[in-house]
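Structure first, then comments.
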Amino acid sequence: MKNIVVLVSGGGTNLQALLDAQARGEIRNGKITAVVSSTPGAFALERAKGANVPGHVVNRKDYDSRESFTEALLGKLSELNADLIVLAGFLYILSPAFVERYENRIINIHPALIPSFCGDGFYGLKVHEKALEYGVKLTGATVHFVSAEADAGPIILQKAVAIEEGDTAEILQKRVMEQAEWKLLPEAVSLFCQGRLHVEGRIVRIDQAE
Ligand code: GAR
């Protein structure tokens, strides 16, 4: 059974999707044992509490550099014995030392079809604003392993979502969450926990179900 720790910074709807999938028995061979928030007031912590999952805070504001913050996070994660770390709306880019320590064991969800609208500074609503500004007709979500470069690690799953006439960033964000993010993230986590993901360079090979 893989020990899953979810890192959050905000509302936590992706965390909720994971908790709901777990309650339905859809996270096979894995268990969410802790949620760690970079923000003390994050609503995601309430969601964890509601599902009886212990919540922890490693407050970004308590550290003056990315290195010292990720050092503190690393300490917490090794205390929690994490096999898999899931970034579910986690606001900060992890240091190379962190990524190296958990190579191919950190999964992130991004609300666009990588390599579009991603990288440093592309977070949350901003991603959808940029997609609308550019005029693309399709966007979507990507779940990928985390590498040292932001949003550039091997892609696990992607799903396209159509842009519709009259979309605002808020409307589009909601559609991408409902149609793609909340499905892809639990699916990718379950595949990982079952040992069905194999990384070969940039390519993630997925074993078929038995
Ligand atoms: C989600 O849309 C997630 O994909 C995005 O932030 C939102 C967090 O919402 N993440 C990024 O943009 C990462 N670059 P949530 O807290 O409700 O899950």
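What follows draws every value from the coordinates through simple rules; no lab data is involved. In this text the structure is predicted, and so the values were computed from the model without any measurement. Cβ placement follows ideal geometry from the backbone for every residue including glycine, while neighbour counts extend to all protein chains displayed.
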- Burial order of peptide ranges 195-204, 55-64 (average beta-carbon count within 10 Å, highest first): 55-64, 195-204
- Using +1 at the Cβ of each Lys and Arg and -1 at the Cβ of each Asp and Glu in the chain, identify which of GLN208, GLN173, SER147 lies farthest towards the dipole's positive end. GLN208
- Message: Number of Lys pairs in the chain with C-alpha atoms less than 20 angstrom apart, excluding same-chain neighbours closer than eight positions?
- Response: 18
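Mind putting a number on the dipole of the stretch 1-103 about its Cα centre? Charges go on the C-beta only, +1 for Lys and Arg and -1 for Asp and Glu, and I need it in Debye to the nearest 20. Mind dumping the intermediate values first?
Working: 11 positive and 11 negative charges, 66 e Å.
In debye, rounded to 20, the stretch 1-103 gives about 320.
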- Per its Cα gyration tensor (rounded if a/c is under 1.5, else prolate when a/b beats b/c, else oblate), the chain is best filed as rounded
- With a 10 Å radius around each residue's Cβ, average the other Cβ atoms per peptide and rank 168-178, 23-33, highest first. 168-178, 23-33
- Measuring from its Cα centre, the stretch 90-141 shows a charge dipole (+1 at each Lys and Arg Cβ, -1 at each Asp and Glu Cβ) which, in debye to the nearest 20, is 120 debye
- Query: Can you pull the Rg over Rh of the stretch 60-113, Cα-only, Kirkwood?
  - Reply: 0.96
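Normalise the Cα radius of gyration of the stretch 6-90 by 2.2 N^0.38 Å (N = residues in it) and let me know the number. If you can, show how the numbers build up before the last one.
On the way: Rg = 12.6 Å, N = 85, 2.2 N^0.38 = 11.9 Å.
This ratio for the stretch 6-90 stands at 1.06.
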- Task: Would you please state the base-10 log of I(q)/I(0) at q = 0.21, 0.26 1/Å for the stretch 81-145, with intensities from the Debye formula using one equal scatterer on every alpha carbon?
- Result: -0.87, -1.16
- Can you run phi through the Karplus equation (6.51, -1.76, 1.60; θ = phi - 60°) for the stretch 117-126 and list ³J(HN,Hα) in whole Hz, with x for Gly and Pro? 6, 9, x, 3, x, 8, 9, x, 4, 3
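Give me SER147, SER65, SER37 ranked fewest to most by other Cβ atoms within 10 Å of their Cβ, as a rough exposure proxy. Working shown, then result.
Values: SER147 19, SER65 9, SER37 25.
If I rank by nearby Cβ atoms, fewest first, I get SER65, SER147, SER37.
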- Longest to shortest principal axis, alpha-carbon extents of the stretch 103-185, angstrom: 41, 24, 16
- Query: Exposure proxy check: GLU129, GLU210, GLU46 ranked by fewest other beta carbons within 10 Å?
  - Reply: GLU210, GLU46, GLU129
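Give the calculated FRET efficiency between ILE203 and ARG101 to the nearest 0.05, with a Förster radius of 25 Å applied to their Cβ-Cβ distance. It would help to have the intermediate numbers written out before the result.
Details: r = 23 Å, r/R0 = 0.92.
E between ILE203 and ARG101, to the nearest 0.05, is 0.65.
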- Unit charges on C-beta of K, R, D, E only; dipole of the chain, Debye: 420 debye
